[in-house]
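Taking it in order: structure first as structure tokens, then the write-up.
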Amino acid sequence: MTRTPITVLVVDDHALFRDGLCSLLQRWPEFQVVGCAADGEEAVRLCTERHPRLVLMDVRMEPMGGVEATRAIAAVEPQTCVAMLTVSELGHDVYQALRNGAHGYLSKNESADRLHEALLSLVAGETVLSPTIAAKVLTELSSPGHTSPAGSLGAPRLSLRERQVLGLLVEGLSNAEIGHALHLSEGTVKKYLGTTMIKLHARNRVQVAVLGLRKGFAE
């Protein structure tokens, strides 16, 4: 039985990178490129016309940047999965993207195999961060002098699995116990807690639990 390909829109203001990424995607039978855009405004328009399942979005573009475009797409096409694919590893950009509707934040330095794996995980409903970006942001969060980002950030969006892990964390379960309950490895549980920490801007497990309760993600 032939599966319906995952439709993809590629958004980047560098034509050479954009064309190269489209060529790479077309080599993978799971994906079908349905459009390319050079800025956020064009990306929003094409999303409303072609309804892609997945959007690969750069962060810094003019006149509309990737975060603003992601927020607009999330409002009009909530079924579309948006992943940032960028050279920027700044914590502020990561927070802004994830809290305004992005489902993942990936580095342009990813290998083709790693990118392929990440995109399949994204459309399966996972939040995916490049390991180097996740490690850098989590280190920044835990630093003594770190302060929360500006209040203009949108409300964070947690995946179903992140909510499940958070709910069990609030009940007092350890990572091993959460993994047993959800049939996940302890390493996978740590990954979900890491992405949840970044989205909620929490510095440790206690803050994750408190913020999860406060923001209504766990009861």
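General observations
- Residues (part of a strand (DSSP E or B) and of a type outside the set (A, V, I, L, M)) located in region 65-115: Cys81, Thr86, Gly104, Tyr105, Ser107
- Residue in region 83-142 that is surrounded by the fewest Cβ atoms within 10 Å (Cβ to Cβ), counting only those that are closer than 15 Å to His201 by Cα and among the acidic types (Asp, Glu): Glu140
- Within region 200-212, residues that are within 16 Å of Ala134 (Cβ to Cβ) sit with their Cβ atoms under 6 Å from residues that are among the polar types (S, T, N, Q) and surrounded by 17 or more Cβ atoms within 10 Å (Cβ to Cβ), at 6+ positions apart or across chains, in these pairs: Val208/Thr196.
- Hits in region 47-58 (condition: farther than 17 Å from Ala102 by Cβ and in contact (Cβ under 8 Å) with a residue 24 or more places away in the chain): Thr48, Arg50, His51
A quick yes/no check of all residues on (1) on the phi > 0 side of the Ramachandran plot; (2) outside any helix (DSSP H, G or I); (3) crowded, with 17+ Cβ neighbours inside 10 Å:
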site	(1), (2), (3)
Trp28	no, yes, no
Gln32	no, yes, no
Cys47	no, no, yes
Val55	no, yes, yes
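- Qualifying residue in region 139-151 (condition: among the acidic types (Asp, Glu), modelled with pLDDT under 75 and either in contact with a His (Cβ under 7 Å, 6 or more places away or on another chain) or part of a loop (DSSP other than H, G, I, E, B) (or both)): yes
- Odd one out for Met61, checked against (1) buried (at least 17 other Cβ atoms within 10 Å of the Cβ); (2) modelled with pLDDT of 95 or more; (3) under 22 Å from Asn100 (Cβ atoms): (2)
The values are calculated or read from the model by the stated rules, or taken from the named source; none is laboratory data. Fair warning: this is a prediction, and the values are worked out from it, not measured in the lab. Using ideal geometry, Cβ is built from the backbone for each residue, glycine included, and neighbour counts are taken over all protein chains shown.
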